[in-house]
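The values are calculated or read from the model by the stated rules, or taken from the named source; none is laboratory data. Remember, predicted model here, so these are calculated numbers, not experimental data. Neighbour counts are summed over all protein chains in view; Cβ atoms, including those assigned to glycine, are modelled from backbone coordinates with ideal geometry. Each accessible area value is taken on the protein alone, full model and side chains, heavy atoms only, with ligands, DNA and RNA left out. Shrake-Rupley method; radii C 1.70, N 1.55, O 1.52, S 1.80 Å.
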Amino acid sequence: MEQGDQKEILRYIDKYRGMFNELSHEIMMRFLAGGKADINPLTNADKVMGVLSRGVKVDPSKLMQEQMRFLESQMSLWQSTAKALMESNKPETVVEAERSDKRFKDEQWDTNPMFNYFKQAYLLNSRMMQNFVDSLEFEDQKTAEQVKFFARQYINSLSPSNYVFTNPEVCRDILDTEGECLARGMDNFLRDLENSPLEAFKIGQVNVDAFEVGKDLAITPGKVVYQNRMFQLIQYQPTTEQVYKKPLLIVAPFINKFYILDLDQQKSMIRWLTSQGYSVFLMSWVNPDESYRDVTFDAYVVDGVLKALDVTSEISQSKSVNALGYCIGGTVLGIAAAVLKKQGSRRLHSMTLLTTLFEFSEAGEAGNYISDQTYPLVEQSAQTKGYFDGRILAYCFSMLRENSLFWSYFVDNYLKGKDPMPFDILYWNSDSTNIPAKAFLYYLRKTYMDNQLKEPGGVVIDGVEVDLSLIDIPSYSLATSNDHIVIWQAAYESVQLLKNSNARFVLAGSGHVAGVVNPPETGKYPHWVNKKLDDSPEQWLANATQVDGSWWTDWNAWLAPLSGAKKAAPSELGNSDYPPIEDAPGSYVKVRLEKITETEKTSESSAHG
């Protein structure tokens, strides 16, 4: 960058100084007016120091060796940079970024001595800090994982790609647009700030009007045939002349919207299931507001899954039902199965579990947010509002892949002033769902905190002690190899809790969403199968066979024999007791958090106005 360019950039920043000041004032007033606790562990110094103070040992010799290596590398970098500046040459490489690191793809990071120094100095400091953290010895493994996680977040937040003056692409955009990208970026920031809860900043990954649910997404034809306070039950229109006698009920996760399984005609699992002759029903959960503050976790099981099974059974005239649960939907389905077993009911014929946990000792990176120190703050936030804000969960999940799901959008949206590209999966990901306070805190305590679901009687639903080991119905469990929310080894350990000879475990490629939504037409990712449930996940994988293409076909081969003979497809949906209420996808799924919180923000503004 030439000296004249630097002056131009400063001039454009000075031009928009007034807008910067107004923006800063608005942010400060918003947070001062809110007066609520910061539950974000990444920005709370007391929580970070609390983690670091728990039983840590440092090897002085390793620390000294690392410091010496760091100083030697820094000296080499200084010499390389000075030589490049004096001789106008391309700087020498002292440290390389990983090939997968997309932050430094612009050629200026390599050819411009100044930006090259920013990059390499950052990489050296990052490596030094990471090696230091890796050298720490903790008495508690969870504490070690938390420290490494928080350190990674801190390191990636300091990348020179995240700042105006140290990112060559941003500097170039400021010059090309004469500073207008900064103004657009501030507008984007204010828009996202307005749609964020006080406790966490929800970055815009896609415009909220990029898609319309029921028009662009969730378009498989069907009818809402039942609803209560907790969910709407959708029955989908058959697309074959005959359907299996036993219906399939899909229990979607209640921390997300169901239409991840019905994005469009090419990626829709629901559409594909109807084309295979299945009679498909689906639970579309309510998006709760403050009035749900006293709804318990029991309601998700009793008024939710158990009621949906009853209605599905009655409409289909089938004594038993096959069911599929995705993520936390699978956890609730497993709990419901255990309750039915204790009650002597055979309503549930089989269950399919997609990326589901019952055993939470290895809770994946999401578990790093949860500890004895953070729980009281989460509790305070949920009890104050009457629900736990789904946008906080969305922020936390984004920070599990911070460079690709947070900082890349930070740079594009706010520093470059770009609008996010329309992408259906990210639209779904941004369409967050609240969880009632009592239900969320009970679930959090019984699973991630105390890991009691695996213990017989550790969880009690409507007076019934849950014992997963009693479940004896056929089960099909899918995990994904790169899942950062439900790690596949933990999903495998969860299946073993069932102690069920009829259990089948399959491992799919990719992650929590892409590994599940992998239609046979494209079959982008392979899967691994093994007829046995070996003692350990590692042993299971060593004995497994890789199969190219989608796991859907394997599941279809397992599910079809459990679905009974075929019968003529119904000409009308619902029945006389459960007539259609409205067209799919229903009204519950269309409620966005922006609408739920609009009244809350208005009342807060009035109170502090």
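Assess whether D419 counts as being surrounded by fewer than 20 Cβ atoms within 10 Å (Cβ to Cβ) and touching a Leu at 6+ places or on another chain (Cβ under 6 Å). Spelling it out, it is not the case that D419 is surrounded by fewer than 20 Cβ atoms within 10 Å (Cβ to Cβ) and touching a Leu at 6+ places or on another chain (Cβ under 6 Å).
Give me the residue from region 544-573 that is part of a loop (DSSP other than H, G, I, E, B) and touching a residue at least 60 places away in the same chain (Cβ under 8 Å) and, out of that set, nearest to E493 (Cα to Cα).
So the first thing to find is which residues in region 544-573 are part of a loop (DSSP other than H, G, I, E, B), and the list is 544, 548-551, 564-565, 569-573.
Of the ones still in play, those that are also touching a residue at least 60 places away in the same chain (Cβ under 8 Å) are 551, 564-565, 569-570, 573.
Numbers: W551: 20, G564: 30, A565: 34, A569: 39, P570: 40, L573: 39 Å.
That would be W551.
Among the candidates R103, R127, which residue alone is in a helix (DSSP H, G or I), open to solvent by less than 70 Å² (accessible area, probe 1.4 Å), touching a residue at least 12 places away in the same chain (Cβ under 8 Å) and of a type outside the set (A, V, I, L, M, F, W, C)?
On the way: R127 fails: open to solvent by less than 70 Å² (accessible area, probe 1.4 Å).
Unique residue meeting the criteria: R103.
Restricting region 336-385 to residues that are farther than 30 Å from A503 by Cβ and of a type in the set (D, E, K, R) leaves a set whose member that is nearest to the chain's Cα centre (by Cα) is E379. Taken over region 430-480, the criterion of being out of contact with any strand residue (DSSP E or B) (no Cβ under 6 Å at 6 or more places or on another chain), under 30 Å from S404 (Cα atoms) and of a type in the set (S, T, N, Q) is satisfied by S430, S432, T433, T447.
Give me a count of the residues in region 565-604 that are aromatic (F, W, Y) and either touching a helix residue (DSSP H, G or I) at 6+ places or on another chain (Cβ under 8 Å) or at pLDDT below 95 (or both). Walk me through how you get there before you give the answer.
Applying the first criterion (aromatic (F, W, Y)) to region 565-604 yields 578, 588.
Now restrict to residues that are either touching a helix residue (DSSP H, G or I) at 6+ places or on another chain (Cβ under 8 Å) or at pLDDT below 95 (or both): 578.
Residues meeting the conditions: 1.
Please state which one of M186, M114 is surrounded by fewer than 18 Cβ atoms within 10 Å (Cβ to Cβ), over 27 Å from E365 (Cα atoms) and over 29 Å from the mean Cα position of the chain (by Cα). Residue meeting the stated conditions: M114.
A single member of E72, E98, E92 is open to solvent by 30 Å² or more (accessible area, probe 1.4 Å), without any contact (Cβ under 8 Å) to a residue 12 or more places away in the chain and not in a helix (DSSP H, G or I), and it is E98. Among all positions in region 199-208, there is no residue which is closer than 22 Å to N403 by Cβ, assigned to a loop (DSSP other than H, G, I, E, B) and open to solvent by 60 Å² or more (accessible area, probe 1.4 Å).
Just one of D176, D134 is farther than 25 Å from K83 by Cβ, under 28 Å from the mean Cα position of the chain (by Cα) and assigned to a helix (DSSP H, G or I); which is it? Explain how you work it out, then say what you get.
Values: D176 fails: under 28 Å from the mean Cα position of the chain (by Cα).
Step by step, each of D176, D134 is checked, and only D134 is farther than 25 Å from K83 by Cβ, under 28 Å from the mean Cα position of the chain (by Cα) and assigned to a helix (DSSP H, G or I).
Among the numbered conditions (1) farther than 19 Å from S408 by Cα; (2) touching a Gly at 6+ places or on another chain (Cβ under 6 Å); (3) buried (at least 22 other Cβ atoms within 10 Å of the Cβ), the only one that T240 does not meet is (3). One residue stands out in region 215-237 among those that are open to solvent by 40 Å² or more (accessible area, probe 1.4 Å) and more than 18 Å from V305 (Cβ to Cβ): the one that is farthest from the chain's Cα centre (by Cα), namely Q237.
Regarding region 386-401, can at least one residue be identified that is touching a residue at least 40 places away in the same chain (Cβ under 8 Å), surrounded by fewer than 18 Cβ atoms within 10 Å (Cβ to Cβ), in a helix (DSSP H, G or I) and under 15 Å from the mean Cα position of the chain (by Cα)? Yes - at least one qualifying residue is present in region 386-401.
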